[in-house]
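S.K.: Pasting in a structure now, in structure tokens, and then I'll have a few things to ask.
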Amino acid sequence: MKVFLTKTIGNGSVPAFILKEQQLLERHSFFKLLAEGDRKQLLAFQKKSPLKEGHNHLIFLPSGREVMLIGVPERTTWNHRKAMLAARRVVWFAKRERVKRIAVDLDDFSSIESKDRGMLAETVAAQFTLANFEFTEYKTSVPDGWSFVEEIAVFSLKPSAAIERGVAVGTIIGEETNKARTLANTPGGDMTPQKLAEAAAKAGEASGFKVTVFDEKEIEKLKMGGILGVSKGSAERPRFIVMEYLKGGKNERPIVLVGKGVTFDTGGLNLKPRDGIYEMHMDMSGGAAVIHVLAALARMKVKKNVIGLVPAVENMPSGSSYRPGDVLKSMSGKTIEVLDTDAEGRIILADALTYAKRYEPRLVVDIATLTGAAMVALGQRASALFTTDHRLEERFRAAGEHTGDFVWPLPLWEEYEEEIKGTFGDLANMGKTRYGGAITAAVFLWQFIKSSRATRDTKQGVERNIPWVHLDIAPRMTTTEGSFLAKGAAGAGMGVLIEAVRRI
Ligand code: BES
Ligand code: ZN
Ligand code: ZN
């Protein structure tokens, strides 16, 4: 799909009037661009059946032109969140009606939270692109082909270079997010650790970052006992994917992004029940996000040093599986007592976080479909956010609000460390009670970031902990009903990560 800035609306495109309740049709910028007879007809239609919130119409006008009327909430309750939904809804409706080319007025999407036109253009273009996605790879094509919007002309009375750039950047963000959704949607049999590594290599080549893939031998050499342990039950061997995008200053310390890459999570010997196992081919959503965040940053030519790390494994039950009670020696030297083989994500991430420290990062962010408990806590609308750094918390929340990739904080306190003390190993891979599972998982990961040997601030002679953010994206792994997005992977974490990295 092509999204572009325009000063006029051509005859070939269907203008979409996104009208707030009570907003006068004749005041809309598109109205005066219509032919006289069309205007009359449209006013008559509006008089007969006034547009209400939630209404969608495709109207054929006397001149042969079609227009769309999209009813959205009135001005007093209008906000940026509703604007993002409206952007998706326009595309969803056009797809349903098989309209290929549409025109929108950027002003229709503005709200008090998004005064900056460049940023608004970016958001809107990203939302359009997300809504135009469908995972059709495994379906026989329908006779007339799939219905996609081919072109969206974004109209502005005051076009600017900032808006133009916003449209281009938003399109990149949308496209890369859709690629992450495709990876996550791909069935587990076709998206193995090796296939995920190949996808990373392909993304690196296409957008311009370096990809190195460690195989099992190299993982052994690195003494990544966590990754090796979890991967034992599967015929698919583990991979450790390292991606480097170094377009920042030579001495600028990098931001390291770590993504959980469990290509299928059966739970292992603690096998998941039928309802729990169904969507577990998406348990590499965090890894997919890291791959395509790097691709997006590279395509946007962001001047930063960013590293992506993805431990990729399949969690399977078999005669060679790791067992409950096994004690794994992680790369950090800390031992992990396996109480439940289904809490595998934190085990592989432990090794990846240890590896991340090699880069002396200025920030580490990990992103993982880590716990069902995060879904219990937050529902399906927000990913769980953990950090001890208030400024980072604020920045990530703002990035989530701006992009529609919402995050919400949960506590990261040392008191919870009591819960994950091991009996026969240093750490247990799950809490002692059934409560606060998202928090105990976060606190477990924390043990591999905070350490007495953290980056040394030589000037002051003190040891500092590495700034760290953990995102549990299990809640937002799949799209929700009524969000005008295709069923399946949501691309969670893409928006918030791209935005946060840019702002840092
Ligand atoms: N991948 C799952 C978490 C998950 C569940 C993600 C539902 C998305 C949707 C994770 O590996 C897991 O199984 N976690 C366990 C941890 C427990 C055994 C301590 C869980 O959440 O039940
Ligand atoms: Zn699991
Ligand atoms: Zn998992």
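S.K.: Which of the residues spanning segment 193-202 are surrounded by fewer than 22 Cβ atoms within 10 Å (Cβ to Cβ) and in contact (Cβ under 8 Å) with a residue 24 or more places away in the chain?
M.R.: The answer is GLN194, LYS195.
S.K.: Also: Among the residues of segment 259-283, how many are more than 10 Å from ligand 3 (Cβ to nearest atom) and part of a loop (DSSP other than H, G, I, E, B)?
M.R.: Summing the residues that are more than 10 Å from ligand 3 (Cβ to nearest atom) and part of a loop (DSSP other than H, G, I, E, B) in segment 259-283 gives 6.
S.K.: Just give me the residues in segment 189-202 being part of a loop (DSSP other than H, G, I, E, B) and either closer than 19 Å to THR136 by Cβ or under 19 Å from the mean Cα position of the chain (by Cα) (or both), in sequence order.
M.R.: Restricting attention to segment 189-202, the residues satisfying the condition of being part of a loop (DSSP other than H, G, I, E, B) are 189-192.
Scanning segment 189-202 gives GLY189, ASP190, MET191.
S.K.: Same structure, new question: PRO324 fails exactly one of the following numbered conditions: (1) over 30 Å from VAL169 (Cβ atoms); (2) in a loop (DSSP other than H, G, I, E, B); (3) more than 16 Å from ligand 3 (Cβ to nearest atom). What is the number of that condition?
M.R.: (3) is the only condition that PRO324 fails.
S.K.: Something else: Which condition breaks for ILE277 when tested against (1) within 16 Å of ligand 1 (Cβ to nearest atom); (2) in contact with a strand residue (DSSP E or B) (Cβ under 7 Å, 6 or more places away or on another chain)?
M.R.: That leaves (2) as the condition not met.
S.K.: What are the residues in segment 3-24 that are among the basic types (Lys, Arg) and either under 21 Å from ARG89 (Cα atoms) or in a strand (DSSP E or B) (or both), if any? I'd like the intermediate steps shown before the answer.
M.R.: Restricting attention to segment 3-24, the residues satisfying the condition of being among the basic types (Lys, Arg) are 7, 20.
Listed by number, the list holds a single entry, LYS20.
S.K.: Out of the strands (runs of 3 or more DSSP E) lying entirely within segment 333-426, which hold 1 or more residues that are within 16 Å of ligand 3 (Cβ to nearest atom) and more than 17 Å from the chain's Cα centre (by Cα)?
M.R.: Per the criteria, 335-337.
S.K.: Being surrounded by 15 or more Cβ atoms within 10 Å (Cβ to Cβ), closer than 25 Å to GLY225 by Cβ, more than 16 Å from ligand 2 (Cβ to nearest atom) and modelled with pLDDT of 95 or more, is that true of even one residue in segment 398-405?
M.R.: no
S.K.: Can I ask one more? Would you confirm, using the coordinates I've provided, whether SER330 is surrounded by fewer than 24 Cβ atoms within 10 Å (Cβ to Cβ), over 18 Å from the mean Cα position of the chain (by Cα), touching a residue at least 24 places away in the same chain (Cβ under 8 Å) and farther than 22 Å from PRO254 by Cα?
M.R.: Here the answer is no, as SER330 does not meet what is asked.
S.K.: Exactly one condition in (1) within 17 Å of VAL443 (Cβ to Cβ); (2) among the hydrophobic types (A, V, I, L, M, F, W, C); (3) within 16 Å of ligand 1 (Cβ to nearest atom) is false for MET316; which is it?
M.R.: Evaluating MET316 over (1) within 17 Å of VAL443 (Cβ to Cβ); (2) among the hydrophobic types (A, V, I, L, M, F, W, C); (3) within 16 Å of ligand 1 (Cβ to nearest atom) leaves (1) as the failure.
S.K.: If you go through segment 73-86 one residue at a time, do you hit one that is surrounded by 16 or more Cβ atoms within 10 Å (Cβ to Cβ), among the aliphatic types (A, V, I, L, M), out of contact with any Pro (no Cβ under 8 Å at 6 or more places or on another chain) and within 18 Å of PHE31 (Cβ to Cβ)?
M.R.: No, segment 73-86 contains no residue that is surrounded by 16 or more Cβ atoms within 10 Å (Cβ to Cβ), among the aliphatic types (A, V, I, L, M), out of contact with any Pro (no Cβ under 8 Å at 6 or more places or on another chain) and within 18 Å of PHE31 (Cβ to Cβ).
S.K.: Which ones in segment 464-497 are within 16 Å of ligand 3 (Cβ to nearest atom), among the hydrophobic types (A, V, I, L, M, F, W, C) and not in a helix (DSSP H, G or I)?
M.R.: Those that are within 16 Å of ligand 3 (Cβ to nearest atom), among the hydrophobic types (A, V, I, L, M, F, W, C) and not in a helix (DSSP H, G or I): LEU471, ILE473, MET477, ALA489, ALA492.
S.K.: Scan segment 362-379 for residues that are buried (at least 23 other Cβ atoms within 10 Å of the Cβ) and either away from ligand 2 (no atom under 12 Å from the Cβ) or without any contact (Cβ under 8 Å) to a residue 12 or more places away in the chain (or both) and jot them down.
M.R.: Within segment 362-379, VAL364, VAL365, ASP366, ILE367, ALA374 meet the criteria.
The values are calculated or read from the model by the stated rules, or taken from the named source; none is laboratory data. The structure displayed is predicted, hence computed values, not measured ones. So basically every Cβ, Gly included, is an ideal-geometry build from the backbone, and we count neighbours across all protein chains shown.
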